[in-house]
Every structure is written in C-alpha cells, then in structure tokens.
1. Which of Ala152, Ala194, Ala28 moves most in a GNM of the chain, Cα contacts under 10 Å?
2. Could I have the simple spin-label model distance between Glu202 and Glu286, label points 7 Å from Cα toward Cβ, reported in nm to one decimal?
3. So, in nm, how far is label Val169 from label Leu63 when the simple model puts each one 7 Å beyond its Cα toward the Cβ?
4. So if I average 1/r over every pair of distinct C-alpha atoms in the chain and take the inverse, what Kirkwood radius in Å does that give?
5. Would you calculate, for the chain, the mean residue ellipticity at 222 nm contributed by helices, counting each DSSP H stretch of 4 or more residues as -39,500 (n - 2.57) and dividing by all residues, to the nearest 500?
6. In the stretch 190-250, what chymotrypsin sites (Phe, Trp or Tyr not before Pro) fall in a loop by DSSP, with at most 11 other Cβ atoms inside 10 Å?
7. Between Met23 and Arg296, 0.36 nm times their residue separation minus their Cα-Cα distance comes to what?
8. Determine the dipole magnitude for the chain: charges of +1 sit on the beta-carbon of Lys and Arg, -1 on that of Asp and Glu, nothing else is charged, the reference point is the Cα centre, and the result goes in debye to the nearest 20.
Amino acid sequence: MLDRAKNLLQPSHRSGVPPFMVMDVVAAAARLEAQGQRVIHMEVGQPSAPPPAKAIAAARAALDEAALGYTETLGISSLRGRIARAYSEWHGLDLDPARIVVTTGSSAAFILAFLAAFEAGDRVAVPLPGYPPYRHILSALGCEAVGIETTAATRWAIDGETLLAQHRVRQLKGVIVGSPANPSGTMMTASALADLIARAGEAGITVISDEIYHGLDYAFRPECAARFSSDAIVINSFSKYFCMTGWRIGWMVVPPSLLRPVERLQQNLAISVPTLSQIAAEAAFEGREELENVRRGYEENRRLLLEGLPQAGLDTFLPADGAFYLYADVSRFCDDSFAFASLMLQEAGVAVTPGVDFDPQRGRRYLRLCYAGLRADMQEAIERIGHFLR
Ligand SMILES: Cc1ncc(COP(=O)(O)O)c(C=O)c1O
C-alpha cells in the first residue's frame, strides 16, 4: 500500500527544473538579518519604488465600486487599447489593439507563447548569459532550450549568423532575445535586432522578444521587434518600468495567426488576468512623471556604481546599457562565484547574485548586482565591497 502511494507521488520528469539559486542568497541574507545584521540587497531584480499613485488610487476605487469578476480573456479592452497607444508614444508604431493580449506577468506570456508557437521536442535558442526561466519554462513544456554563448564581439546578444550556424547543425524553431537583457544590462542595437529578425524569418525561426526592461535604458533607445516583423512575438510587463512586480500583470503583442490559439490557451489556463491589476495597470500609464523620477534614480545609482566600484576593486563589467543590473567579471578573485557571493554576504553584508544562475559554465566567473535600491545603499555597498576586496 505504502509502495503504491510512493509511486503515485513521483514527480514528473518535466518538473525537475533547476532552482533559482538567487533564492538561496535571499534565504541566507534573511538569516543574517534575523541575527540583527544589516544587509544591503542587490540580489533580487525588482524596483523598490511603489507603483504610481494613480494606479493605487484606481485599485482602491475599484475595490469599493466594482464586483471584480472575470474579464474578457484577452484583457479589458480599454487596457489593450491603452497599451497599443503606448507603442505609438514610445516607438511611433501603429499597432492594432486586437493584437495585444494581457497576461499574468510576462512569466505567463512566455508559457502562452511557447505553447502557441512550439511543439514538444522543438529546439529554441536562448542567450547565455540569460534569464534562467527561458530555459526552464521551455524544458518544463517539453521543448529543448539550446543555449548560445554570447560574447563581446556581438555586444553579448545572439546574432543572425550564429543563429543560422546553430540552425544548420540541427533545426531550430525559435529564438528568444532580450534587450535590455537580464543579467547583463546590455542592449541590442536596432540594426542587430533587425538583422536577427530578418534572418530568423527567412529560416522559419520564430522570434520571441522579451522587452520587459524597455523604458530603463541609459545608453540608447531600445527598438521594438514589432517594427521589423509582425511575426515576432513581443513580451512586456508592468513589473519593471511600472514598478508593479507583485501585481502580476504583463502583456504580449501577438502575430495575427497566433491570436486565436493564444486566446484559447489563456481561456483554459487562466480564464482571465486579475481584474484589479488590470484596472491599476491602465491607470499606471498616467504616472509617467513618477516613473521617470524612479528611472532617473536608477541612472544615478548606475553612475555611482560605475564610478565607485572600480575604485573599490571591481572594474570589469559588461556594457551597462539598460535595466538595473551590472554583470561583473570577478575571475580575478575566484572561479566559483557562488562561494564568492556567499563570502561577500557573510563578510561585507552585501547580497548579490552569482552568475551560475544565468550561465551555468561561464557564470562561475560573474556576479550580478541589481541597482534598483536606494542611492544611500549603493554608496554604502561600494564602501563595503571595497573593504571586502582589500
Ligand atoms: C528578463 C526578464 N523577463 C521576464 C521576467 C518576469 O517578469 P514578470 O513575470 O514579473 O513580468 C523577469 C523578471 O525578473 C526578467 O528579468
């Protein structure tokens, strides 16, 4: 009887995705804090600022006034219209609101996009270093994530030539690009993105463009994949620029041929996206001034770190074009960034993320530092890191 129960409780192979190691750092930092130590948090990639006041006010009013039932599966139509209008404001693009699908964060958009565009067994190229859930969601859905190691020669992005070389070895069905990227903060130039999309299109490879860090750019303006092809799947979110991580709301721009499949999937997987979050998200577009202030804060933090960290001893980063990350090469100090991050936490009280989460091999030589926190904390982190490295 007990044996049978054990068999029934076996987890599936597809659920065996690796953990997110940053959560181990989070847990270790919490233990130190419980002992009364002060920890500067640069490990988790989320804004410390609240959502715009208008978003909160709209949510409060909705709680008092509305029943908050399900919405249409693709999202409240005024929100879809507002998102489409944002593309005209940000990029001068005229997008049909019918192509906008509201999702439960960009995380749910990935699941919908992968299910709609790929079969189990399909091979999908992902950048290394890159956001770990790209690989892990693909593998949980039975697809094969094909990691492509990016280098300085292509500004740390997958380029068209490398993509096609991989495709010739064994057929690829998709490629994921992110610009600005996590963990590196690097961005693709418009011509690099256009070239990748053109070559992928000729080879029948679906492009999924993760644009979640759009709006947080400091070197040049990022381009939207929808400008170059209506076959690209564009994914975005209210989590980062709009400071709404916990509201779990994002969106995608879907190629017309995938619209109905995505709708059918979302009908079955979620019914609809939390109504309160949709109402707040629409109002968040009115908080541009506050959000630009937050963005300027990140820009100032980035400047402080890029000036201060080299004096403290950390001086090799990938180009910090956007998002709120620095990806630092620490190979001068160690070849095990997980152990190095643990030591930095213990001795300096600064929590950072080891690169192995993002790039299982080369990540042993890198740390990711998130600069979405308070300016005073960034200054103190520089001092503590300097002390630690001396
Ligand atoms: C590159 C990237 N894409 C997607 C996500 C998921 O964000 P969310 O599901 O909150 O929209 C994150 C979160 O950190 C991210 O860094």
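The values are calculated or read from the model by the stated rules, or taken from the named source; none is laboratory data. Keep in mind the model is a prediction, meaning the values are calculated, not measured. So basically every Cβ, Gly included, is an ideal-geometry build from the backbone, and we count neighbours across all protein chains shown. Just so you know, the surface numbers come from the protein's heavy atoms only, side chains and all, with ligands and any DNA or RNA stripped out. Shrake-Rupley method; radii C 1.70, N 1.55, O 1.52, S 1.80 Å.
1. So, out of Ala152, Ala194, Ala28, the one fluctuating most is Ala152.
2. 4.9
3. It works out to 5.3 nm between the two label points.
4. Values: mean 1/r = 0.0458 Å⁻¹.
Averaging 1/r across every pair of different Cα atoms and inverting gives 21.9 Å.
5. Values: 13 runs with 170 residues, N = 390.
One gets -14000 deg cm²/dmol as the mean residue ellipticity at 222 nm.
6. Numbers: sites: Tyr213, Tyr218, Phe220, Phe228, Phe238, Tyr241, Phe242, Trp247; in loops: Tyr213, Tyr218, Phe220, Phe228, Phe238, Tyr241, Phe242.
Filter output for the stretch 190-250: Phe220.
7. Details: separation 273, 0.36 × 273 = 98.28 nm, distance 2.80 nm.
The Met23-Arg296 span can extend by a further 95.5 nm.
8. Values: 37 positive and 43 negative charges, 120 e Å.
Here the size comes out at about 580 debye.
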